[in-house]
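**Q** Here it is, the structure, as structure tokens.
No lab work stands behind these numbers, since they all come straight from the coordinates. Every value quoted in this text rests on a predicted model; they were computed, and no experiment measured them. Here the Cβ positions follow ideal geometry from the backbone for every residue, glycine too, while neighbour counts run over all protein chains shown.
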Amino acid sequence: MEEGFSLQKISIRDFFAKTKANGEEFELSIVAGAEGFDRLIISEEINRPGLALADFFEHFAYERIQVFGRGEVAYLHKIADEGKIELLERFFSYQIPVCIVTYGLELPEIVLKLCDELKVPLLRTKKPTKEFISLLSAFLSDYFSPFIITHGDFVSIYNIGVLITGKSGIGKSEAVLGLIERGHRFISDDLVKIKKVRKAKGFELIGEPGANYGPFLEIRGIGIINVSQYFGEGKILKSEKVDLIVNLHEWDVGYNYDRLGIEEKYENIMGINIPKKEIPVSPGRNIVLLIEVAAYREIMLRLGYNSAKELDYKIRELLKKNENI
């Protein structure tokens, strides 16, 4: 696995383009300060600048995105009506990455003028403040999530995200092709991006394509195939939670393979332990079926059933009965 890192910054120009790419979800439009679109967002935190607008600038989190809701906009109108231009000039003189107005509200002309003069990007959305902040928080959390890029293939088997690893030429792509043919879904070939994402119950790992060149799969001896053209768009997923790692390697008679499955093995990725299975590859072994069974077994384990422990229990019970005869 490669070292984990995060993107750590995004320009307002790229931020605006990415939110536009999400269709009408954000509903953002440019109001003023377009010359400041090279400014950078360096934090996933969001700020409601009520205290700063009230002339209290101590601990002003100016480096965050500033969101103006109904309260902030009403106060901006009050400041403008009272002629407190120096307060507005001081506020917008900070290196604020971008200000976003919710509810489609109109701002005083002096605010638009200052944003243009000081090159502070000013955007507007028709979304209610609470709804927009929720969307924006999810976007920023996803973008700033630490991630790694690793070599391997990533598929979804019974909604279990399976990362298939192994040296080049071991048969990863061929196994993926077989899994797709059996009805499972393709996510990525060769490069997999794994992000550490914060969820309500803690962190989890999300896998997605490591490169944005499309749903292509390399099959040695045949070449590149477009999975969506061969199997349909329904067999493509953009991302999935990383639930299981399957490492393929050549059969080694000296290797101590797990034959019972009582003790689980894990691989730690960015502080999160992911179950890992070592599957030896040799002529005659149905690797596609073995990977599918490994994913199904992971589902059973989550449901509280472990066939190895059940067998162990039955053997112990049988031995106890024989001792009593």
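**Q** With equal scatterers on the alpha carbons only and no solvent term, can you work out the Debye log10 of I(q)/I(0) for segment 10-143 at 0.10, 0.11, 0.16, 0.18 1/Å?
**A** The Debye formula, applied to the Cα set alone, gives -0.28, -0.34, -0.75, -0.97.
**Q** In whole Hz, with x marking every Gly and Pro, tabulate ³J(HN,Hα) for segment 186-191 from phi via Karplus 6.51 cos²θ - 1.76 cosθ + 1.60, θ = phi - 60°.
**A** In residue order, the calculated couplings are 8, 10, 7, 10, 6, 10 Hz.
**Q** Once you list every other residue whose beta carbon is under 11 Å from the beta carbon of residue 282, what net charge do they have if Lys and Arg are +1 and Asp and Glu are -1?
**A** Residues close to residue 282 contribute a combined charge of -1.
**Q** Could you work out the percent of alpha carbon pairs in segment 147-311 separated by over 20 Å, rounded to a whole number?
**A** Of the Cα pairs, 51 percent sit more than 20 Å apart.
**Q** Tell me, what is the Rg over Rh of the chain, with Rh the Kirkwood radius over Cα pairs?
**A** For the chain, the value is 1.15.
**Q** Another question about this same structure. For Cα pairs less than 8 Å apart in space and 6+ apart in sequence, what is the mean separation divided by the residue count of the chain, i.e. the relative contact order in percent?
**A** Relative CO of the chain lands at 14 percent.
**Q** If the only charges are +1 at each Lys and Arg Cβ and -1 at each Asp and Glu Cβ, what is the size of the charge dipole of the chain around the Cα centre, to the nearest 20 debye?
**A** Around 860 debye, computed over the chain.
**Q** Another question about this same structure. Test of understanding: in a Gaussian network model of the chain with alpha carbons linked when under 10 Å, which of 235, 130, 195 would top the mean-square fluctuation ranking?
**A** Between 235, 130, 195, it is 130 that shows the largest mean-square fluctuation.
**Q** Could you put 44, 267, 292 in order, starting from the residue whose Cβ has the fewest other Cβ atoms within 10 Å?
**A** The fewest-first ordering by Cβ neighbours comes to 267, 44, 292.
**Q** Of the options 188, 245, 11, report the single residue whose Cα projects farthest towards the positive end of the charge dipole of the chain (beta-carbon charges: Lys, Arg +1; Asp, Glu -1).
**A** Toward the positive end, the furthest listed residue is 245.
**Q** Give, in nm to one decimal, the length gained when the segment between residue 323 and residue 303 is fully stretched (0.36 nm per residue of separation minus the Cα-Cα distance).
**A** Gain on extension, residue 323 to residue 303, equals 3.9 nm.
**Q** Counting only DSSP beta bridges with both residues in segment 10-143, tell me the antiparallel percent, nearest 5.
**A** Among the beta bridges of segment 10-143, antiparallel pairing accounts for roughly 45 percent.
**Q** Do you know the relative contact order of segment 10-143, to the nearest whole percent, from alpha carbon pairs under 8 angstrom that are 6+ apart?
**A** 32 percent
**Q** Please work out how many pairs of lysine residues in segment 147-311 are eight or more positions apart (or on different chains) and have Cα atoms closer than 12 angstrom.
**A** Final tally of qualifying lysine pairs is 7.
**Q** Taking the beta-carbon count within 10 Å as an exposure proxy, list 77, 184, 59 from fewest neighbours to most.
**A** With the fewest neighbours first, 77, 184, 59 line up as 59, 77, 184.
**Q** Quick check on segment 208-325: of the DSSP beta bridges with both residues there, what percent are antiparallel, nearest 5%?
**A** Antiparallel bridges make up about 60 percent of those DSSP assigns within segment 208-325.
**Q** Let me ask something else about it. Go through segment 163-169 residue by residue and turn each phi into a ³J(HN,Hα) via Karplus (6.51, -1.76, 1.60, θ = phi - 60°); whole Hz please, and just put x for glycine and proline.
**A** So the J values, rounded to whole Hz, are 8, 9, 10, x, 5, 4, x.
**Q** Gain in length, residue 314 to residue 286, computed as 0.36 nm per residue apart minus the alpha-carbon separation, to one decimal in nm?
**A** 7.2 nm
**Q** Any idea what the dipole of segment 147-311 comes to, in debye rounded to 20, about its Cα centre with Lys/Arg Cβ at +1 and Asp/Glu Cβ at -1?
**A** In debye, rounded to 20, segment 147-311 gives about 500.
**Q** Additional query: If you average the sequence gap of Cα pairs under 8 Å that are 6 or more apart and divide by the length of segment 64-220, what percent do you get for the contact order?
**A** Rounded, it is 17 percent for segment 64-220.
**Q** Number of Lys-Lys pairs in segment 10-143 under 19 Å by Cα, sequence gap 8 or more or different chains?
**A** 6
**Q** Karplus couplings for segment 229-242 from phi (6.51 cos²θ - 1.76 cosθ + 1.60, θ = phi - 60°), rounded to Hz, Gly and Pro as x?
**A** Rounded to whole hertz, the list is 6, 7, 10, x, 4, x, 9, 10, 10, 7, 6, 7, 5, 7.
**Q** In what order do 201, 127, 172, 20 fall by count of nearby beta-carbon atoms within 10 Å, going from fewest to most?
**A** The fewest-first ordering by Cβ neighbours comes to 201, 20, 127, 172.
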